[in-house]
Amino acid sequence: ALLQADAEVDSVCPYCGVGCQLSYRVKDGRILEATGRDGPANHGRLCVKGRYGYDYVMSEERLRQPLVRRAGVAKDPADIQRLRRGELALSALFRPASWEEALDLAAAGFKRHLQADSPRGKASPLAGFGSAKGSNEEAYLFQKLIRQGFATHNVDHCTRLCHASSVAALLEGLGSGSVSNPVADVQYAEVILLIGANPSANHPVAASFIKNAVQNGATLIVADPRRAPMSRFARHHLAFRPDSDVALLNALLHVIIDEGLSDPAFITARVNGYEALKAAVAECTPERMSEICGIAPATLREVARLYAKSRASMIFWGMGVSQHVHGTDNVRCLIALAMITGQIGRPGTGLHPLRGQNNVQGASDAGLIPMMLPNYQRVNHAEVREQFEALWGMDTSLGSEPGLTVVEIVHAAYEGRIKAMFIEGENPAMSDPDLDHARAGLARLEHLVVQDIFATETALLADVILPASAHPEKWGSYTNTDRLLQLGRPALMPPGEARQDLWIIEQLARRIGLPWQYWQAEDGAGQAPVARVFEEMRQLMAPLAGVSWARLLREEAVVTPAPREDGPGEDVVFIDRFPTPDGRAQLVPARFTPGPEQPDAQFPLILATGRVLEHWHTGAMTRRASALEALSPQPLISMHPEDMAALRLHEGQAVRMSSRFGDVQATLQQSPEVRQGQVFLPFCYWEAAANLLTGSALDPSGKIPGFKVTAVTVQAL
Ligand code: SF4
């Protein structure tokens, strides 16, 4: 009888960028079960997170009422550990408040910095982080609040920590930051290059489609310092030295050009910059590059030939490529590979950066980035600003100077330049690099308002905490890694006094003087406010032109760009031109340069941070999902058995890992998957927060930190 559901609600998974469609079976205000639906991105499949990761929604730890910091209680980053260890109660830091009081306090703190003589633009003391966990509509409204209400473009989100370098290179080279072909296209590929990605853990359903393609005859090449599970299916596993991506890829480019394997007709018709690229890689012989990347010249030659000669070659990559201080250069090389061989614009070809969060594509599309308004329209173009100012009914001007990015904002908070922040659904007190510094920066803010469903590590440093709605408690659209727009539906009501995120954002906007009316009294928990925001987005975002809210309700999933309401969206893009001013791709050569984190006698190992199958990002949701937490309950440092033997360490031993930035303690596990000289630690565990170890040096174009390369030492406790 317990499993006799009252209702079945169709929605999408709240976790990774694959965007699996699922159904929740609901009874008495509780989710009983999640099952896969036959969506375009998953064909009924779900991974362990989608299938068993839903009960965080019903956690006792959900925030149920607004909270305000108690008078006289200072912000202390050390409270994060004390509270998590059970040595401190949340009620010692915060007191309950009514919505009226909490929203008034939240708005008053921002208004203090919105006086006539307050700095505007990049120099503004205000900033906001929106979230890729939220819907497109929430992302759009959040960035609108910061830009229109806070009068600054200091707005960003976790794309800055994940694929910002990929987007920078793709926009520069191809004029579009999104994927060229969907994951499902892998069924048409003859050769698949998977580089710097571990989809078995991070995009498991996508991994299952890649494995199916290999079972059906495709050749898989895995390039990754770690011997991740997909390498078992690969013809070649290139376990290159960490951070030598450019050397490896330049060697492939050299071989392709040197052996006449490029596609001259495609280059002549559609590519700029070929001669400069050819000159730049002329010296990058496999023999020379082998000394840097550690892969045998013969293997480099064979892989280059496989990729270039195949009928259809497709490239997937993940954070292993993008999270570097030269992540943009890494992606420039991948773009060059596809361009000089014409491996783009057809089924089974192209470039696919696997997106991490369920809506990181959509949040970026919706303008949650400091240099671009929705649909990647640059803030420094006057005609773009005028269009937005007119539609947003502004009698002041949007600034022309791009805002600060995530790490820059937290650094500015540390230095006292940013004084007040609104953070919705992000957890920089776990996800930012150099965490001691980042947490100190957040604690120094004069005013921090956090909107979330749990008292996250970041919320513990707030002045006001606003209890929000979880993914299965609201309407919204989400854009997956394939550019597929899908519909999320509410299965439950938010607990206690927790409210819809859009309502909260609008309430704050009204209190700082914006005349917003998306949410009207008669709307209740219905979809009307979401639909109003979505329809406004469509007016400013050409790829959504053919997707009305009514069409989304009817079809559940529409791939974008969708130019016409009566026609399908475009699965494969760049068929005959690129969305650049002259319609051609622009090659940008990259040169190998060593990064700042070099191992030495004191820090002889290289740490790569990342994710595990059972947990998602900073763990705010999955660590409160009982099945997932039971499967993966503690931080483990993975190390190669021979390194362990050399250091006289053993499996299960408690160790201290230290870097130039901090240290953590955790248990050691033996892992032949990890390359010798490298260690791995997931970043979801507060008990050993991996980002206490990482540094904040940034890629100059994407402004992304180098999470994949930190020099460390590991010692027995
Ligand atoms: Fe959810 Fe991603 Fe797993 Fe699909 S693959 S069920 S979207 S976490």
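The values are calculated or read from the model by the stated rules, or taken from the named source; none is laboratory data. Predicted model, so just to flag it, every value in this text is computed and none were measured. Ideal geometry is used to build each Cβ from the backbone, glycine not excepted, and the neighbour counts take in all protein chains shown.
What's the number of the condition ASP434 fails, among (1) surrounded by fewer than 24 Cβ atoms within 10 Å (Cβ to Cβ); (2) within 30 Å of TYR56 (Cβ to Cβ); (3) of a type in the set (Asp, Glu)?
For ASP434, the exception is condition (1).
Between a first residue in the range 281-305 that is more than 17 Å from PRO589 (Cβ to Cβ) and a second residue that is surrounded by fewer than 15 Cβ atoms within 10 Å (Cβ to Cβ), which pairs have beta carbons less than 6 Å apart while being 6 or more apart in sequence or on different chains?
Partner pairs satisfying both residue conditions: PRO297/GLU287.
With the requirement that a residue be assigned to a loop (DSSP other than H, G, I, E, B) and away from the ligand (no atom under 16 Å from the Cβ), what does the range 7-35 give you?
ASP28, GLY29
Identify all residues within the range 151-174 that are over 20 Å from the mean Cα position of the chain (by Cα) and either surrounded by fewer than 24 Cβ atoms within 10 Å (Cβ to Cβ) or in the same structural domain as VAL612 (by TED's automatic domain parsing) (or both); write none if there are none.
Selection gives ALA151, LEU174.
Go through (1) within 16 Å of the ligand (Cβ to nearest atom); (2) without any contact (Cβ under 8 Å) to a residue 40 or more places away in the chain for PRO353 and report which single condition fails.
In the conditions (1) within 16 Å of the ligand (Cβ to nearest atom); (2) without any contact (Cβ under 8 Å) to a residue 40 or more places away in the chain, PRO353 misses (2) alone.
Working only within the range 194-220, note down all residues that are away from the ligand (no atom under 16 Å from the Cβ) and either part of a helix (DSSP H, G or I) or more than 21 Å from the chain's Cα centre (by Cα) (or both).
Within the range 194-220, ALA213, VAL214, GLN215, ASN216, GLY217, ALA218, THR219, LEU220 qualify.
Can you tell me how many residues in the range 414-441 are in contact (Cβ under 8 Å) with a residue 40 or more places away in the chain and in a helix (DSSP H, G or I)?
Residues flagged as in contact (Cβ under 8 Å) with a residue 40 or more places away in the chain and in a helix (DSSP H, G or I) within the range 414-441 amount to 10.
Count, please, the residues in the range 202-238 that happen to be closer than 23 Å to ARG311 by Cβ and of a type in the set (Lys, Arg).
2
Select, from ARG656, ARG648, the only residue that is surrounded by fewer than 17 Cβ atoms within 10 Å (Cβ to Cβ), assigned to a strand (DSSP E or B) and not assigned by TED's automatic domain parsing to the domain that holds ASN427.
ARG656
Within the range 595-614, restricting attention to residues that are among the acidic types (Asp, Glu) and in contact with a strand residue (DSSP E or B) (Cβ under 9 Å, 6 or more places away or on another chain), which residue is surrounded by the fewest Cβ atoms within 10 Å (Cβ to Cβ)?
Filtering the range 595-614 for residues that are among the acidic types (Asp, Glu) and in contact with a strand residue (DSSP E or B) (Cβ under 9 Å, 6 or more places away or on another chain), the one surrounded by the fewest Cβ atoms within 10 Å (Cβ to Cβ) comes out as ASP600.
Quick check: anything in the range 389-400 in contact with a strand residue (DSSP E or B) (Cβ under 7 Å, 6 or more places away or on another chain) and modelled with pLDDT of 95 or more?
Scanning the range 389-400 turns up no residue that is in contact with a strand residue (DSSP E or B) (Cβ under 7 Å, 6 or more places away or on another chain) and modelled with pLDDT of 95 or more.
What are the residues in the range 44-85 that are in a loop (DSSP other than H, G, I, E, B), without any contact (Cβ under 8 Å) to a residue 40 or more places away in the chain and within 16 Å of the ligand (Cβ to nearest atom), if any?
GLY44
I'm trying to understand the selection: among the residues of the range 627-645, which are surrounded by 15 or more Cβ atoms within 10 Å (Cβ to Cβ) and of a type in the set (S, T, N, Q)?
Once the filter is applied, which keeps residues that are surrounded by 15 or more Cβ atoms within 10 Å (Cβ to Cβ) and of a type in the set (S, T, N, Q), the range 627-645 yields SER632, SER638.
Can you tell me which residue in the range 105-139 is surrounded by the most Cβ atoms within 10 Å (Cβ to Cβ), limited to those that are modelled with pLDDT of 95 or more, not in a loop (DSSP other than H, G, I, E, B) and not aliphatic (A, V, I, L, M)?
GLU138
Give the residue that is farthest from PRO229 (Cα to Cα), with candidates limited to residues of the range 605-642 that are in contact with a Leu (Cβ under 7 Å, 6 or more places away or on another chain) and outside any loop (DSSP other than H, G, I, E, B).
THR622
Run GLN4 past the list (1) touching a strand residue (DSSP E or B) at 6+ places or on another chain (Cβ under 8 Å); (2) at pLDDT 95 or above; (3) more than 16 Å from the ligand (Cβ to nearest atom) and report the number of the one that doesn't hold.
Looking at each condition in turn, GLN4 falls short on (2).
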